[in-house]
Protein chains: 4
Amino acid sequence: MDIEQANEQLERLRLEASGEAGKGKVASYIPELAKEDPHQLGISVCLSDGTILSAGEAQKPFTLQSISKIFSLIVALCQNGQQHVFERVGKEPTGDPFNSIIKLETIKPHKPLNPMINAGAIAVAGMIQGKSVQERLDCILDLLRRITGNPHIGVNEAVYCSEKKTAARNRALAWFLKDSGVLAGDVEETLDLYFRHCAIEVTAEEVARLGMALAADGVDVRTGDRVFPAEVARICKTFMVTCGMYNASGEFAIDVGIPAKSGVAGGIMATVPQRMGIGVFGPALDEKGNSVAGVKLLALLAKDWELGIF
Amino acid sequence: MDIEQANEQLERLRLEASGEAGKGKVASYIPELAKEDPHQLGISVCLSDGTILSAGEAQKPFTLQSISKIFSLIVALCQNGQQHVFERVGKEPTGDPFNSIIKLETIKPHKPLNPMINAGAIAVAGMIQGKSVQERLDCILDLLRRITGNPHIGVNEAVYCSEKKTAARNRALAWFLKDSGVLAGDVEETLDLYFRHCAIEVTAEEVARLGMALAADGVDVRTGDRVFPAEVARICKTFMVTCGMYNASGEFAIDVGIPAKSGVAGGIMATVPQRMGIGVFGPALDEKGNSVAGVKLLALLAKDWELGIF
Amino acid sequence: MDIEQANEQLERLRLEASGEAGKGKVASYIPELAKEDPHQLGISVCLSDGTILSAGEAQKPFTLQSISKIFSLIVALCQNGQQHVFERVGKEPTGDPFNSIIKLETIKPHKPLNPMINAGAIAVAGMIQGKSVQERLDCILDLLRRITGNPHIGVNEAVYCSEKKTAARNRALAWFLKDSGVLAGDVEETLDLYFRHCAIEVTAEEVARLGMALAADGVDVRTGDRVFPAEVARICKTFMVTCGMYNASGEFAIDVGIPAKSGVAGGIMATVPQRMGIGVFGPALDEKGNSVAGVKLLALLAKDWELGIF
Amino acid sequence: MDIEQANEQLERLRLEASGEAGKGKVASYIPELAKEDPHQLGISVCLSDGTILSAGEAQKPFTLQSISKIFSLIVALCQNGQQHVFERVGKEPTGDPFNSIIKLETIKPHKPLNPMINAGAIAVAGMIQGKSVQERLDCILDLLRRITGNPHIGVNEAVYCSEKKTAARNRALAWFLKDSGVLAGDVEETLDLYFRHCAIEVTAEEVARLGMALAADGVDVRTGDRVFPAEVARICKTFMVTCGMYNASGEFAIDVGIPAKSGVAGGIMATVPQRMGIGVFGPALDEKGNSVAGVKLLALLAKDWELGIF
């Protein structure tokens, strides 16, 4: 692949996709996110040899939001093992919005259907071990810092505070989980950890590196180090296909066909097995919570570069 | 009505009904309630001239639990008016268990269907005004003390603490209401008020007096004083018919036919318009949360004394 | 009560209420009903001595629609007894729209929550005995003819055909009931009976007479004959309070307070125990399916004449 | 791959998996299926050069049941195009049982979430064009006969009749779809087509050939002929991952990781892109409707032969 040519292609597709931004809106329920310019669009691709391709706002920091659910799951699986984790959270897509509470009541036993919906991710946060919220958060931060090579990755305090203040629905989910016995330990502490890991700040380029580590089955391609087991990578990629794009995951799988996880700050992390990790940032969201221009850009890229896994 | 004869009748019916207790179980989700002897059964009837008839454990203190929802509603209506209250809580029965959260998400606008389910009663608690939780609680206590003539009515601290500790589901409901904009003010304070008014301790005799005040359209028959408006009494009696016995209200209306409100401590307050108030205490509950022997006793009494309103 | 004066009062209230009609719409899902003039409003009151008061379109024929559910229930109860009937249909209000199918799946056992929603009424139709649909229908017609004294009461064929053609949702409900074992016998025959009894044509005056028979606990006040047991009348009146006005029953109970059953052709049958039956016809419906002007008129009348039972 | 060795491996894994059969039950809701011996287990693998490997009951005829939903979808997509089809049926997994009706009412617009649940497949059947049910069925049969090279593939009449007689729930779904406008045309005819294509009889070997055609992106590897477009194959494989194994699809994707579609007669068709098609037959089902021994056998095979796509 000719790097210069590839960068040009990326920029061309980015321009084509950026027109979609007008169809979406920045997330408004977290006031701090509502301040973003909806017309931004950046993409970064990390190849299997660590080469980075970029176009647009690839260096603009944004918060991981739901993308962080993949990394809290990795930590929880490494710390507790599959059996422990999947006794408390399921493996099934839901067909419901990411913040829905209905199935927590209707499905017996009362456990969240998967770790990508908010209820499931809160349950996962509850399984991350450590003596304090900070120590538990550090498990996630360490993983992200190691893969990206950026020791300064941390929490955006303004977004974290904004999120914490407006998190009534997530509190409802957490207390329901507590009532169901899914959540052990202190509810407020687990929520605090959840809000913090959602507010971890990264760039599209860093997200591309994270996606590449998943594509490489848990190996950091910069160093060749294994950072998490291949089995855990496989589980995450599967969840990215079945539940990664909220209740538009099925559509994205058909229309784009790459394992991906989105966040309401406008980020998307995509993973093309063995070949590449992709980070996208486009804060205008569709009604299901996915970056409109980001989804379009991945669709164009998947078609041009034949990235679909199906 | 010959008082002595009536007391004998009450005792006879009480004995007949008490056999039902074996079919139920004391509430277990509030540990303090689980300690009650399930075989207790007491009844008290307050006639329109203030005469009290009693049989069995009519002087045994128990906590109001959901019966208190009627009195928090009276206070909220008196303080805020119907319009304000019913913009935040509906008037419809639900067909769902009292602690269900599903309809909070499925029904638009997201307001609780009625003030007798937990979500609705928490919303009502949020409307009770005062500078502190204690001041807000006092509004309810003052009303109860005035009608019963017992200035010592207060909160059972052990039950309150037990309830507060195990109230994860109610917290989930409250935070959902907060998210929906139904609940203004501090969530924890409103929950605290809710737990406290549920833990107010009374006897069956006192409950009979409370029921008589409703039967007399808001007049305290001991003193002849009006304690709340007739319109408010009418609203409460209607809710007692359509939603007073959890999701067995329809069945109770057909099988017994008296406006009534039950609580999970085993109490039932029934109101025969103009004629009498009835307090029952029988802590063994059926699966919907109503006193099994209490329901049976009211059914027998309604038939013998022709108390049904339909 | 001075008859002339009462008629004048009725006319005055009718005029006041008729302004509400503009806020509603005639039922459109049954094409034949969509042809009605939405501004019509008629009322008839049948007193306990058989005297009839009327104002407006009291002689205009309209179809019973859901009002007929009361009479199919009467027939089913008389033919099968309470135990048989209530093993197949519940006694609880639902909080859901009248044609909802959700609770048939979510509630175990899978039986309709009450006989006033469509699913419940179809289950009731399935219990009406006879060698043919016509014979089963005649059981209902005979009852209506006897009480009204009109031997010509019958089915409006145009409405019946219109209803049968557009009844996909009701077919879905019926087949779900078949699957759940609630509906024995031939599904299409039971649906046919259901569509036919919904399309029975009456006038507001006749509905008033039907309501009076319920008010008189099953006695036809014209002849003094008992036409159905008092126990059955009591059950019907209770259902009219808890579930008679679709998922606005709770609101109607509070705002008006009279047992009543509405139909989507714009009719309402109300019953003031011992005192009177009321028939209303006003085809413009609110979004829950109740006559807007009819509800208003009953609210005005209940207030003026103090008809509320609570 | 050494064929003889591979056959031996298959037989060894088959024996290991067959012990699982005792944990399941044959489908009982279709009486004809209930007659099967639950201990059968057969597997056939079709390689990309057309070579067939087999073990156990690979020649035993069984009915496709839900596996046929893939082929009715292929026909519907070829006849109508993606836009037409996906306006009437969605692309999202549901988290609900295959015969659930709830989301048809709760999700707006009222269209089935995907073509793999019963409601979605009935909607798809409604889109298959032809002058008669037979002609519409022939579109599916022709496709199956062409790929398998077996011109005698047809409907098992006993199963079809059994299915038709006991299909109340599917009728409920179909009539709900009719009511929602999703289903055009005659409901009974579309149901008839649906029951017939579910009752098409095949062997595990034939299913393996069908799976290989999907693996080869729509090319029949026996003849080299393209039998359906690559784009359609891609869509089907994606649905097989997200919704192919009922509401255990997410779990299967994680635990096995091969696109697969199961049927309640105990069949599973799996597709390893480019490499192979797999047909399994094991009639003992788990509670979600998947062959217990079949799932186990695929899990063992996927691990041994490294077939997972994630």
Residue that is nearest to the chain's Cα centre (by Cα), among those in segment B:201-228 that are surrounded by fewer than 24 Cβ atoms within 10 Å (Cβ to Cβ) and in a strand (DSSP E or B): B:GLU201
Which listed residue is touching a helix residue (DSSP H, G or I) at 6+ places or on another chain (Cβ under 9 Å), of a type in the set (Val, Ile, Thr) and more than 23 Å from C:PHE252 (Cβ to Cβ), from B:ILE254, B:ILE268: B:ILE268
In segment C:78-127, the residues that are aromatic (Phe, Trp, Tyr) and facing chain B (nearest Cβ under 9 Å): C:PHE86
Count of segment C:154-163 residues which are closer than 26 Å to C:MET245 by Cβ and touching a Leu at 6+ places or on another chain (Cβ under 8 Å): 3
Residues satisfying the stated conditions in segment B:154-176, i.e. farther than 18 Å from B:SER100 by Cα and in a helix (DSSP H, G or I): B:GLU157, B:ALA158, B:VAL159, B:TYR160, B:CYS161, B:SER162, B:LYS164, B:LYS165
Scan of segment C:51-73 for residues that are farther than 30 Å from C:ASN118 by Cα and among the polar types (S, T, N, Q), ordered by number: C:THR51, C:SER54
Cβ-Cβ under 6 Å pairs, at least 6 apart or on other chains, segment A:233-251 side farther than 14 Å from A:SER68 by Cα and assigned by TED's automatic domain parsing to the domain that holds A:ALA121, far side surrounded by 24 or more Cβ atoms within 10 Å (Cβ to Cβ) and β-branched (Val, Ile, Thr): none
Condition met for B:LEU47 (of a type outside the set (Val, Ile, Thr), buried (at least 24 other Cβ atoms within 10 Å of the Cβ) and in contact (Cβ under 8 Å) with a residue 12 or more places away in the chain): no
Checklist (1) within 14 Å of another protein chain (Cβ to nearest Cβ); (2) of a type in the set (Asp, Glu); (3) surrounded by fewer than 19 Cβ atoms within 10 Å (Cβ to Cβ) applied to B:ASP142, failing item: (1)
Verdict on D:THR190 being farther than 20 Å from D:VAL227 by Cα, surrounded by fewer than 21 Cβ atoms within 10 Å (Cβ to Cβ), within 14 Å of chain C (Cβ to nearest Cβ) and over 17 Å from the mean Cα position of the chain (by Cα): no
Output for segment C:116-131, where each listed residue is free of Cβ contacts under 8 Å to residues at least 60 places away in the same chain and either surrounded by 14 or more Cβ atoms within 10 Å (Cβ to Cβ) or under 12 Å from C:THR190 (Cβ atoms) (or both): C:ASN118, C:ALA119, C:GLY120, C:VAL124, C:MET127, C:GLN129, C:GLY130
Filter pass, D:PHE310 being within 11 Å of chain A (Cβ to nearest Cβ), farther than 22 Å from D:ALA123 by Cβ and surrounded by 20 or more Cβ atoms within 10 Å (Cβ to Cβ): yes
Subset of segment A:228-276 that is touching a strand residue (DSSP E or B) at 6+ places or on another chain (Cβ under 8 Å) and among the hydroxyl-bearing types (Ser, Thr, Tyr) - its residue that is farthest from A:LEU210 (Cα to Cα): A:TYR246
Inter-residue pairs, beta-carbon under 9 Å, first touching a residue at least 40 places away in the same chain (Cβ under 8 Å) and in segment A:146-166, second polar (S, T, N, Q) and assigned to a helix (DSSP H, G or I), 6+ apart: A:VAL159/A:GLN65; A:GLU163/A:GLN65; A:GLU163/A:ASN170
Flag if D:ALA184 is modelled with pLDDT under 95 and within 14 Å of chain C (Cβ to nearest Cβ): yes
Condition check for D:ARG196: of a type in the set (Lys, Arg) and either surrounded by 24 or more Cβ atoms within 10 Å (Cβ to Cβ) or assigned to a helix (DSSP H, G or I) (or both): yes
Check on C:LEU13, more than 22 Å from the chain's Cα centre (by Cα), closer than 24 Å to C:VAL241 by Cα and outside any strand (DSSP E or B): yes
Checking D:VAL272 against (1) within 14 Å of chain A (Cβ to nearest Cβ); (2) over 17 Å from the mean Cα position of the chain (by Cα), the condition it does not meet: (2)
Test set (1) modelled with pLDDT of 95 or more; (2) in a helix (DSSP H, G or I); (3) aliphatic (A, V, I, L, M) - C:ILE43 fails condition number: (2)
Breaking point among (1) within 14 Å of chain A (Cβ to nearest Cβ); (2) at pLDDT 95 or above, for D:ASN247: (2)
Long-range neighbours under 6 Å by Cβ, at least six apart or interchain, first residue over 17 Å from D:ALA265 (Cα atoms) within segment D:195-218, second among the charged types (D, E, K, R) and surrounded by fewer than 24 Cβ atoms within 10 Å (Cβ to Cβ): D:ALA213/D:ASP220; D:GLY218/D:ARG226
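The values are calculated or read from the model by the stated rules, or taken from the named source; none is laboratory data. Just so it is clear, the structure is predicted and the values come from calculations on it, not from any experiment. All Cβ positions, even for glycine, are placed from backbone atoms using ideal geometry, and neighbour counts span all protein chains on display.
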